[in-house]
Amino acid sequence: MTQPRYVINHERAEWVVRTLIDAWRRKLPPFDHAEPVPARLPRTLIPGSVQHAVWLLVGLLYMRGRIDSAQAFLRLCKVYDEHPWMFDPQTFMLHGFRLMNLRARMHKILKENGLGFNVRETVRFWNFNLKKLARFWDSNPLLIFDKARNYEELCETFMNGKGDPSSPTGFMGLRHKMVSMFLYFLINAKLVKPLMHPGPVDTHNIRVMASTESLLALEMGPGTRYEFYEVSPVARELYLKYCATVDDVIDFSNALWYLSRDFCSVSQGNGSSTSGYRGRATEVFAKRLSWPMERVDRYYSTCGQCSVESVCRWSLPSARQYNNGFLEIRGERPRPHNEQILLLDVPRVLASRPPEPEERKLVLRDKFQVTLFD
C-alpha cells in the first residue's frame, strides 16, 4: 500500500484545535476585532428570506484567492440594492441574444462596482447557477438543504453533474470548500439547521495547520509542498475528528482564517515579492529579512500574541499558492535576536496571552493517547 503524502499529527492537532477555539471564544488577538464575513447585508434585503440565501450563493463566487472577500461582499451589497434583478433566478431563463445582452450588462455593472476580477468566469457561473435554481429548485437554494441528510449528500448535489444544464445537480464553482462555506454562511444566518460538516479548507487553513505541524508531510523542511487537492481531504478529516460540535467547526474555521489573514500574512518569513503576474510561471521571491525596531515591535504585536506561537515552526507564504498553485515551506519561522528582545517592554505586548495551560492525559475513542490542555 502506498504511504499517504500527508498525515495528521494527532496530539499536536488536538491541542491546536482546542487552543484556537478557546482563543476565538475569549476574543484574544487577533480575534478581538473580528467580524464574520459577510459583516453587512444589502439595505433592501430581508434577513432570513430566500433572497438572503440566493445572495449568499452568489457571494461564494468571490470567496477565492486574490480577492479581498470582505470588500467584495460590501460591493455586492451595493449591486443588490441597485440591481436586484441580478439576484432573481427567474431573470436567467433567457436564450440567445437576450441572454448575451444580459451578460454584457452584468459585466459592465460588476466592473463599475469594483468587482471586475475574473469577471467573465464569474458572470458565466452566476448565470448557470441561478438558471439551474430557477429550473429545478423553485429559485430556492434552501430546498437543496431540506433534501440532503448529511454533508456528503450536499456535496453530491452541488458537485455531481457540473456543467450539465439539463441536470438538477452540479453547480459551477462549488467544490468541497465552497459547500462548507455555503453551510457556514447559512448556519450563521440561521437559514438552515446546524449540520455537522468539515470547515471550508483553503490556503489560510492549510497554512496554519502546516506551520504548527498539525498536518505533516512525509518529509518536513524547506521546499516541502502542500498540494491543495491532495492535502484537503486530510484537513477535512482533522476538522471532523477534533471538532465535537457544529459550533466548534464554525469557531475553528473563523480562528484559522483570521489568524492566517491578520497574523501569518505579516510574519517576516512570509513576506514575498513577484516577477510580475505570469500565471503559474510567476516567480515568487522571499523578501530580505531584517529586524529594525519597528519590525521587532510588529512581531511582538502579532506572532508574540498568537495563542499557538509556541508550536508554530514554519513559514509558508501564501504568494506561492496564489501564483504557483501550492503552499511551500520556505524555512523555519524567523524570530528577532535576543538582544533586540531586551529592548522591548515584552510584558506589555504579551499581556493578552492566555496563561500557560495545565497538562492532562486523555484517551480518545480511537485509543491513542494525547495531551490535552485546559
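Rounded to the nearest 10 degrees, the inclination of helix 228-242 to the longest alpha-carbon principal axis of the chain is 70 degrees.
Counting only Cβ charges, +1 for Lys and Arg and -1 for Asp and Glu, the dipole size of the chain around its Cα centre is about 1240 debye.
For the cross-link pairs 108/287; 27/241; 147/177, the ones whose C-alpha atoms lie over 27 Å apart are 108/287. Shape class of the stretch 49-188 from the Cα gyration tensor (axes a ≥ b ≥ c, square roots of the eigenvalues): oblate, since a/c reaches 1.5 or more and a/b does not exceed b/c.
Taking the average, over residues, of other Cβ atoms within 10 Å as the packing measure, peptides 283-296, 228-241, 248-261 rank 248-261, 228-241, 283-296 from highest down. Sparsely packed loop sites in the stretch 95-174 (the trypsin sites (Lys or Arg not before Pro) outside DSSP H, G, I, E and B with at most 10 other Cβ atoms within 10 Å) comprise 149. Once a ≥ b ≥ c are taken as the square roots of the eigenvalues of the Cα gyration tensor of the stretch 233-313, is the result rounded (a/c under 1.5), prolate (a/b larger than b/c) or oblate (a/b not larger than b/c)? Note, shape of the stretch 233-313 comes out oblate. Just from its helices, what would the mean residue ellipticity at 222 nm be for the chain, if runs of 4 or more DSSP H residues each count -39500 (n - 2.57) and the sum is divided by every residue, rounded to the nearest 500 deg cm²/dmol? Counting only the DSSP helices, I get -13500 deg cm²/dmol. For the chain, the relative contact order works out to 20 percent when only alpha carbon pairs closer than 8 Å and six or more residues apart are counted. Computed from Cα positions, the angle between helix 119-136 and the longest principal axis of the chain comes to roughly 60 degrees.
Taking amide H as placed 1.01 Å from N in the peptide plane, residue 327 has its amide H under 5 Å from the amide H of 226, 228, each at least 5 places away in sequence or on another chain.
Computed over the stretch 109-254, the alpha-carbon pair-distance distribution with 5 angstrom bins reads 2, 9, 16, 18, 17, 16, 13, 7, 3, 1, 0, each value a whole percent.
Helix 50-59 and the longest principal axis of the Cα set of the chain meet at an angle near 60°.
FYI, it's all coordinate maths here, none of it is from the lab. Here the structure is a predicted model, which is why all the values come from computation and not from measurement. Backbone-built Cβ (ideal geometry, glycine too); neighbour counts: all protein chains shown.
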